[in-house]
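To keep things clear, I will list the structure first and then write my remarks on it.
The values are calculated or read from the model by the stated rules, or taken from the named source; none is laboratory data. Note that the structure is a prediction, hence the values are computed from the model and not measured. Counting neighbours? That spans all protein chains shown, and the Cβs are built from the backbone with ideal geometry, glycine included. Surface areas here come from the heavy atoms of the whole protein model, side chains and all, with no ligands, DNA or RNA. Shrake-Rupley method; radii C 1.70, N 1.55, O 1.52, S 1.80 Å.
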Amino acid sequence: MASAVQTTRTVKTSVLVEWATILLILCVLALFTARGGWLWRIDQTLYDAAISSLQRPADERIVIVGIDDESLLRIGKWPWPRAVYATLINNLTQADAKAVALDISLSDTDLNNVAGDTALMVAIKANGRVVLPVINAAAGAAGRAEMRPAALFSGAAAKLGHITVDVDPDGIVRSVYLRGGSPNPVHPQLGLGALQVAEPARFAQLDPMPGELNPENALENAQDTARRRQNPLESGVWRIDSWYHIPFAGPPGHFKTVSFIDVLMKKDLGALKNKIVVVGAATPNLGDAYPTPVSGRSYGMLGTEIHANVMQSLLEGRDLKRAPAWVAGVVACVVIGLLLFSYLWLSPRVSIVFTFVLMALTLVACVGLFHLGQIWISPAIALIAAAFTYPLWSWRRLEATQRYLLEELERLRSEPGNVPGDVPSRALASHSASQLGQMGTSKLDASHFFGVPISIEFGADVVQRRIDEVREATERLRNLRRFVSDSLDALPEATLVCDRSGTVTLANSCAIALLTNGPEGVKAITPSPAAIAIVGAKIFWVLRHVIREDLKSWQQLFSDVESTGQAVSVEAKWGEQKEFLAQAGPLFDANGNLNGIILVLVDIFALRQSERRRDETLRFLSHDMRSPQASILTLLELYREDPDDMPVEKLTNRIHRYATRTLVLADDFLRLAKAERATPKDFTLLELNELLQDAVEEAWTLSSAKKIEITVADNAFEDGAFIEGDRDLCTRALLNLLSNAVKYSPPETAIQCGITRVGDNWDIKIADQGYGIAEEDLPKLFTRFTRLKHDAQPEEEGIGLGLVFVKTVIVSHGGDMRVESRVFRASSGISGDHGTTFVVSLPAVEAP
């Protein structure tokens with residue numbers, strides 16, 4: 001048994017060690033994955049889905065004036081003369097546009113059309129709210145990293161803004177840098193520049209600047225600045241900062257777009273009043289189209305729409321942040337810890353459900369934080385780690401379970417059978433090479449790998465063999481339980497098994513019948529549905545009607561057994577017809593610990609009844625039988641001393657009376673003993689009318705002496721009233737009832753007898769006009785040696801066994817008795833309404 005406990009502890013320790021190892025390995029992998037950015041593609045996919053969920057209506061303050069195919073068709077071949085743009089800007093000035101972001105390259109002048117350039121410069125200067133683009137030239141002409149508009153135009157512009165977008169490694173545009181330029185990032189992004197012109201009080205001096213400071217760019221910017229200070233002639237490179245993640249408002253075509261030709265023709269200029277206008281390409285044929293998280297299956301998003309999205313997001317005050325990589329690693333570690341901790345307590349089915357629920361909650365939490373807190377924590381690592389945690393832990397737990405089952409099955413195999421004929425099957429046999437060969441398998445044992453024995457089995461499926469072994473072991477335990485249950489049920493006494501808390505776990509049929517039907521219940525082989533409630537109930541509630549003789553509680557009995565560890569016996573009583581010897585003994589588990597109590601209720605009512613009868617008999621022998629004999633001896637002594645004082649006739653009369661009394665007492669005892677021994681196998685077919693007539697004839701002498709008339713109702717039963725019984729006992733029982741009726745009735749009264757059929761019984765009714773019996777004395781009628789006397793009735797001889805004999809005969813014949821009585825009142829006279837009625841019911845038998 002110590003070996004079993006040690007095995008269990010070893011398995012628990014092994015499971016905990018593997019649990020901690022898996023936790024450590026998965027957390028380390030999660031942190032390294034976060035630091036190395038190994039899941040960036042999955043992260044970007046989840047980020048794109050989150051960005052798509054941020055879609056909202058387009059801001060009505062932003063309008064795109066697009067150079068579309070219609071405009072190209074009507075104005076002519078691209079590029080257009082600068083005078084066309086001058087006319088457009090003049091019209092926007094007339095429309096009172098709040099700001100104009102011109103996303104068209106003006107990096108040089110047109111030497112062939114100086115008038116057009118001049119007109120454009122004048123229009124830009126007259127408007128006073130035009131933002132011109134700065135292009136990242138990627139170290140283009142003269143080694144410059146940026147390409148500004150020509151001096152003619154840039155001097156007239158209200159502000160310059162760069163139009164460079166940030167393309168991620170997967171080719172998708174998700175962000176821009178709000179500042180860029182060379183040698184220093186001094187130019188705002190075109191959309192931000194337009195906002196600074198339109199609402200200078202809000203956007204001119206942003207502190208802090210939206211977006212994230214890129215540490216690597218900041219370091220490069222500082223190094224470049226220091227290098228240029230040492231060598232002013234050195235050209236700079238394109239520098240950027242304030243990395244801004246664009247919260248796209250919608251897919252391409254989301255913002256309101258007005259055709260370039262319509263504005264040029266002054267159509268509906270009122271719709272542009274106080275609007276921030278972005279002028280640029282509205283067709284992919286004229287500009288770059290970039291794939292974005294919200295592009296879907298359509299063509300890419302044009303630069304004008306990217307500027308519009310930046311402007312709307314800044315107007316709404318949105319500033320998305322990406323949490324550092326280590327935060328995603330920590331979140332993954334928390335998810336792994338929660339899952340592994342829950343796996344120690346949850347079942348496999350609930351564990352997998354909890355895994356999916358936690359994955360969903362993690363995803364919802366990250367998206368919710370993105371929506372509400374504008375912080376993106378990548379859930380990719382946490383989701384992948386959760387997906388790997390369950391199968392990894394299930395594999396290790398399955399391995400631990402299999403090791404434990406093998407050890408327990410081997411231990412069960414080595415134990416002797418507890419059930420007669422129980423022999424371990426071949427599936428529980430030792431797994432030696434020869435035995436496995438007989439089973440169609442072979443096994444190769446190697447050394448140990450990290451303390452775990454390696455075994456390779458060939459042949460039948462390993463899992464199926466384990467299932468077969470467990471099935472046969474379970475069948476063996478089931479047979480053992482059935483054997484214990486049948487053995488308990490075969491016990492002749494009421495037996496209950498309880499756990500330490502007093503809950504009934506087993507009860508045999510005797511206990512169920514007794515405790516269900518009550519003191520008068522008959523033991524049943526099959527319990528009724530209501531009886532099954534005993535199992536699972538508290539024993540103290542089940543025994544609530546059974547009272548201990550020492551009046552102590554049943555809880556105290558269980559406490560005595562638990563404290564002493566030994567069996568305890570007490571006597572108890574239930575009603576007037578059940579007396580028990582309650583024996584409670586301890587039940588120990590395989591480790592010697594008390595885990596339950598067995599309670600046996602031995603019915604000792606018959607034993608106690610026999611003891612009481614023996615005591616009564618001894619008292620009778622010592623008094624009633626001894627008294628007449630002593631009186632005879634006394635008379636003889638007196639006669640011997642003085643014969644003349646007692647005549648012979650007087651002496652013989654008295655001796656005759658005492659001897660007759662002794663003989664009657666002996667006969668009564670013999671008849672009562674015979675009635676108690678009566679069994680149905682000795683019964684014969686009897687006709688009640690004959691029995692009643694015989695009893696009436698024998699009682700005639702006694703009734704005639706008191707002038708009492710006995711009448712029998714003429715119930716003409718064509719087939720007769722038949723019963724099965726002992727003729728002498730039944731006749732004597734009826735005679736006793738008639739004799740009692742005569743003895744305890746006044747002279748010159750009547751006794752009526754009759755037989756009637758009531759259901760399946762014959763009722764024999766004997767009613768007298770006697771002195772009656774008080775209601776409180778009726779329960780004493782059938783008690784041995786008990787005699788009842790009414791004040792008005794004369795003294796009658798007897799020892800109180802007549803009605804006891806009658807009751808015993810009737811019960812032994814499967815019948816019953818009822819008594820009704822009305823007590824004699826002196827004022828009512830002899831003919832008054834009083835007397836006693838005995839009704840005897842006996843099972844009817846069909847006539848032969």
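For beta carbons closer than 9 Å, sequence separation of 6+ or different chains, a first residue in segment 111-138 that is more than 18 Å from Gly193 (Cβ to Cβ) and a second that is acidic (Asp, Glu) and part of a helix (DSSP H, G or I), the qualifying pairs are Leu111/Asp117.
Of all residues in segment 159-188, those that are closer than 19 Å to Met209 by Cβ and under 54 Å from the mean Cα position of the chain (by Cα) total 2.
Scanning segment 199-231 for residues that are surrounded by 10 or more Cβ atoms within 10 Å (Cβ to Cβ) and either modelled with pLDDT of 85 or more or not in a helix (DSSP H, G or I) (or both) turns up Glu199, Pro200, Arg202, Phe203, Ala204, Leu206, Met209, Pro210, Gly211, Glu212, Leu213, Asn214.
Residues of segment 322-357 that are under 10 Å from Tyr390 (Cα atoms), of a type outside the set (A, V, I, L, M, F, W, C) and surrounded by fewer than 19 Cβ atoms within 10 Å (Cβ to Cβ): Pro348 alone. When we screen Ala249, Ala281, Ala308 for residues that are out of contact with any strand residue (DSSP E or B) (no Cβ under 9 Å at 6 or more places or on another chain), aliphatic (A, V, I, L, M), at pLDDT 90 or above and buried (at least 20 other Cβ atoms within 10 Å of the Cβ), the only hit is Ala249. Contact map, segment 317-333: residues that are within 30 Å of Phe203 (Cβ to Cβ) paired with residues that are surrounded by fewer than 18 Cβ atoms within 10 Å (Cβ to Cβ) and modelled with pLDDT of 90 or more, Cβ distance under 8 Å, separation 6+ or inter-chain. Pairs shown: Arg318/Gln374; Asp319/Gln374; Leu320/Gln374; Leu320/Ile375; Lys321/Gln374; Lys321/Ile375; Arg322/Ile375; Ala323/Ile375.
Could you list, in sequence order, the residues of segment 479-499 that are surrounded by 14 or more Cβ atoms within 10 Å (Cβ to Cβ) and touching a residue at least 60 places away in the same chain (Cβ under 8 Å)?
The answer is Asn479, Leu480, Phe483, Glu493, Ala494, Thr495, Leu496, Val497, Cys498.
Only residues that are at pLDDT 50 or above and either assigned to a helix (DSSP H, G or I) or surrounded by fewer than 18 Cβ atoms within 10 Å (Cβ to Cβ) (or both) were counted in segment 232-246, giving 2. Restricting attention to segment 611-648, the residues that are modelled with pLDDT under 70 and open to solvent by less than 80 Å² (accessible area, probe 1.4 Å) total 8.
Selection over segment 674-689 of residues that are open to solvent by less than 30 Å² (accessible area, probe 1.4 Å) and either outside any helix (DSSP H, G or I) or modelled with pLDDT under 75 (or both) gives a count of 4. Does segment 657-665 contain any residue that is in a helix (DSSP H, G or I) and under 30 Å from Gly814 (Cβ atoms)? Yes. Selection of segment 13-57 for residues being among the hydroxyl-bearing types (Ser, Thr, Tyr) and crowded, with 18+ Cβ neighbours inside 10 Å yields Thr33, Tyr47.
Taken over segment 739-767, residues that are in contact with a strand residue (DSSP E or B) (Cβ under 9 Å, 6 or more places away or on another chain) and closer than 15 Å to Ala695 by Cα amount to 12. Answer yes or no: is there a residue in segment 389-400 that is acidic (Asp, Glu) and either in contact with a Pro (Cβ under 6 Å, 6 or more places away or on another chain) or in a loop (DSSP other than H, G, I, E, B) (or both). Scanning segment 389-400 turns up no residue that is acidic (Asp, Glu) and either in contact with a Pro (Cβ under 6 Å, 6 or more places away or on another chain) or in a loop (DSSP other than H, G, I, E, B) (or both). Can you pull out the residues in segment 107-145 that are of a type in the set (A, V, I, L, M, F, W, C), modelled with pLDDT of 90 or more and closer than 20 Å to Gly303 by Cα? Scanning segment 107-145 gives Val130, Val131, Leu132, Val134, Ile135.
Residues that are touching a strand residue (DSSP E or B) at 6+ places or on another chain (Cβ under 9 Å) and either in a strand (DSSP E or B) or modelled with pLDDT under 90 (or both) within segment 815-831 comprise Asp816, Met817, Arg818, Val819, Glu820, Ser821, Arg822, Phe824, listed in sequence order. Looking across segment 358-378, just one residue is more than 22 Å from Arg41 (Cβ to Cβ) and buried (at least 17 other Cβ atoms within 10 Å of the Cβ), and that is Leu358. Is one or more of the residues making up segment 582-597 open to solvent by 70 Å² or more (accessible area, probe 1.4 Å), assigned to a loop (DSSP other than H, G, I, E, B), at pLDDT 85 or above and closer than 24 Å to Ser509 by Cβ? No, that holds for no residue. The single condition among (1) open to solvent by less than 70 Å² (accessible area, probe 1.4 Å); (2) free of Cβ contacts under 8 Å to residues at least 24 places away in the same chain that Ala473 does not satisfy is (2).
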